[in-house]
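Colleague: Attaching a single structure in structure tokens format; questions to follow.
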Amino acid sequence: MNRRKVNTAILGSAMLLVGGQGLSQPTPPAVRIGEPTQLSEVWADLAFQFAGQPALLVRVPALAQANPRVLKVSEQIHLTAYSRVCTHLGCTVPLPDRTQNIECACHGSRFRADGSLVGGPADRPLRAIRLELRGGAVWAVGWLED
């Protein structure tokens, strides 16, 4: 067996083992979340389901610079959405508290109301959802890359 055949066999075996995970995952169906006017003030939130996971749409303060996690609907309305599944071990995190913080009850990971990470044991923010404005409504249309 020559080197090319060995490399092909190794690559083929590796792809079978991982089942193609991470290479090309299908995009979940788009979900209509609601109207931006349903979030009348900064930090207002709206729970929904996306790709079989609990998720949250949150109105956040205007940012000084563009952020791929935030959809600018107008000068006043900026929205973000993310999965409520903790990036540590998959527990469902609660809704933000009165101080706009989220603490996972399972192991204490902490996040801001915009899904960004404050402290571990999680080592990354809550998984961001790509948003689009369609016909005046906000839609969840896919996952943003980590």
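Colleague: Rounded if a/c is under 1.5, else prolate if a/b is larger than b/c, else oblate: which is the stretch 15-146, with a ≥ b ≥ c the root eigenvalues of its Cα gyration tensor? Show your work: numbers first, answer last.
Modeller: Working: a/c = 1.87, a/b = 1.20, b/c = 1.56.
Oblate.
Colleague: Let me check against my output: what whole-number percent is the relative contact order of the stretch 83-146, with C-alpha pairs under 8 Å and at least 6 apart? Can you show the working numbers first?
Modeller: Working: 116 pairs, mean separation 15.8, N = 64.
Once normalised by length, the contact order is 25 percent.
Read the figures in this text as sums done on the coordinates, not as results from a lab. As the structure is a computational prediction, the values presented were derived from the model and not from experiment.
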